[in-house]
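> Below you'll find the structure I mean.
The values are calculated or read from the model by the stated rules, or taken from the named source; none is laboratory data. Bear in mind the structure is a predicted one, so any value in this text is a computation, not a measurement. Heads up, the Cβs are rebuilt from the backbone with ideal geometry, glycines too, and the neighbour counts pull from every protein chain shown. All accessible areas refer to the heavy atoms of the entire protein, side chains included, with ligands and DNA or RNA removed. Shrake-Rupley method; radii C 1.70, N 1.55, O 1.52, S 1.80 Å.
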Amino acid sequence: MKDRTVSPDQSRKAIRAGAIGNLIEYYDATIYSLLAPVFAQQFFPVANKAYALLYTYGLVVGVAFVVRPAAAMLLSPYGDRRGRGRLLSLSLFLMGSGLLIIGLSPTYGTIGWLAPVCLVLGRAMQNISNSGEFQAASAFIVEHAPADRRATAGAAQYMTAGLGILSATLVATVLTTVLPKAVVADWAWRIPFLIGAVLCLYGVRLRRTVPESPLFTALQATGQVERRPLRTAVKQYPRSLLLVMVIQFSQVTYFTWQVFLPTYAHLVGNFPLKTGLALNCVALAAFVLVLPLVGMVSDRKTGRRPLIIAEALGFAVLAYPMLRLLQHPTPLTYLLVAVTGNVLLALTYGNVAAVFCELFPTGVRTSGVGLAYNVAVTVFGGSAPLFATWTIAHHHPLALAHYVIALELTAAIVFLALLPETRTTGLETK
């Protein structure tokens, strides 16, 4: 069956409704990472602040490692059997619940060991939500888009991710600048999490105004909905699963440059955290502005493959010199490193929503993308801050650069060997 398109107005509504969840997800993850140094000791009251921070970051990785892949295996097929819209509403409800739990959790001084349990519960809810969000939103947006604008439309996924990180960075900057340090550590750190919970309510309302994707509706109408979409994806599309996972190696560079970079420069180069947060806002703005340009170039000129390979090779060459500059940073060198990394990231993230959807047919799209994406994000995304903090604590500040180089070189080799050009691939229903 041929791809079905919708009116430009409905396509724009689908972009807004689909992408808002990614905005909140990345806002949530960034706020947690940025404010972890502030509230870590309230939940893990150990004498060494670095170890309290390690416990707090380790909680993110540990909970995600246990929860996220398993939840993806349950939620992703729901999007293929019942529709992208239903999964999108469910994911935002779960996301808001997790934010609310963290924002209202009592501290260790109030309820003892139950405090980190509450934090674990909040993170678990968020990871269950996140395990269904990206693939459902990507399919929803790309399936509503014209065939010659899939990357441009899909770029909204990471434009809003960038805006989520930017919003969280701005909120953290304002909070730590305007309010006294003791007030932020005592209770004000909760405010950003409660703001996120309110945004989730708005997102649910917005998503209910947009109809289901035309491709999934056509699949239902012809009675061709997959009964076991996850099993079909694993059996029939193993190369596509591998490619999604390898593309997501870039999650290490993504979280390093967009979330952890101010903390990294602060830990290894004594760079003021407030200055790093402020300059990261400039770099994030550059990322958001470049993304739609990358999407347009991908749709009209180059296709997906050359841009994704260029990002991998770019980081393989530049990761070491960029992170070395942060051993003794000035505001100018920090900004140079932050902007360069974000522009490189845009080469991949202006394409991922489109290329992921183009690697799978409609009947197994959320299952295939969801499984591979969530496994890769769990292993590689959350590992960056934990790995970097551990190696810095053990006096190996440039180990992060070697980690990035190894992953990106591996990715480039896989792309050159296996990644097809998918720009002209149809989003057929079977």
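> PRE reach from residue 320 (point 7 Å along Cα→Cβ): which of region 253-282 fall under 19 Å by backbone N?
253
> In deg cm²/dmol and to the nearest 500, what is the mean residue ellipticity at 222 nm of the chain if only DSSP H runs of at least 4 residues count, each as -39500 (n - 2.57), divided by the residue total?
The helix-only estimate for the chain comes to -25500 deg cm²/dmol at 222 nm.
> So if R0 is 35 Å, what FRET efficiency would residue 108 and residue 270 give, r being the distance between their Cβ atoms, rounded to the nearest 0.05?
With a Förster radius of 35 Å, E is 0.75.
> Let me have the relative contact order for the chain, percent, based on Cα pairs under 8 Å that are six or more residues apart.
Relative contact order for the chain comes out at 27 percent.
> Let me ask something else. What is the gain in length, in nm to one decimal, between residue 310 and residue 410 on full extension, counting 0.36 nm per residue of separation less the C-alpha to C-alpha distance?
34.7 nm
> Another question, then. Looking at 249, 137, 410, which one has the Cα that reaches farthest to the positive end of the dipole of the chain (charges on Cβ: Lys, Arg +1; Asp, Glu -1)?
With unit charges placed on the Cβ atoms, the residue in question is 137.
> Next up: Distance between Cα centroids, region 144-170 to region 258-288: provide it in whole Å.
Comparing the Cα centres of region 144-170 and region 258-288, I get a distance of 22 Å.
> A follow-up question, please. Where the only charges are on Cβ atoms (+1 Lys, Arg; -1 Asp, Glu), what is the dipole of region 297-430 about its Cα centre, to the nearest 20 debye?
In debye, rounded to 20, region 297-430 gives about 160.
> Something else: What's the magnitude of the charge dipole for region 134-284 around its Cα centre, counting Lys and Arg as +1 and Asp and Glu as -1 at the beta-carbon? Answer in Debye, nearest 20.
320 debye
> On to the next question. Got a sec? What order do 396, 266, 144 fall in by accessible area at 1.4 Å, biggest, i.e. largest, first?
Largest accessible area first, the residues go 396, 266, 144.
> Could you state how much accessible area residue 15 has, in square angstrom rounded to the nearest 10, with a 1.4 Å probe and all protein chains kept in place?
Ignoring ligands and nucleic acids, residue 15 comes out at about 40 Å².
> Same structure, new question: If you place +1 on the Cβ of every Lys and Arg and -1 on the Cβ of every Asp and Glu, how big does the dipole about the Cα centre of the chain come out, in debye to the nearest 20?
Dipole of the chain, to the nearest 20 debye: 760 debye.
> Determine Rg/Rh for the chain; Rg is computed over alpha-carbon atoms and Rh is the Kirkwood hydrodynamic estimate from the same atoms.
Radius of gyration relative to Kirkwood radius: 0.96.
> If packing is taken as the average count of other Cβ atoms within 10 Å, what order do 148-158, 347-357, 76-86 fall into, highest mean first?
347-357, 148-158, 76-86
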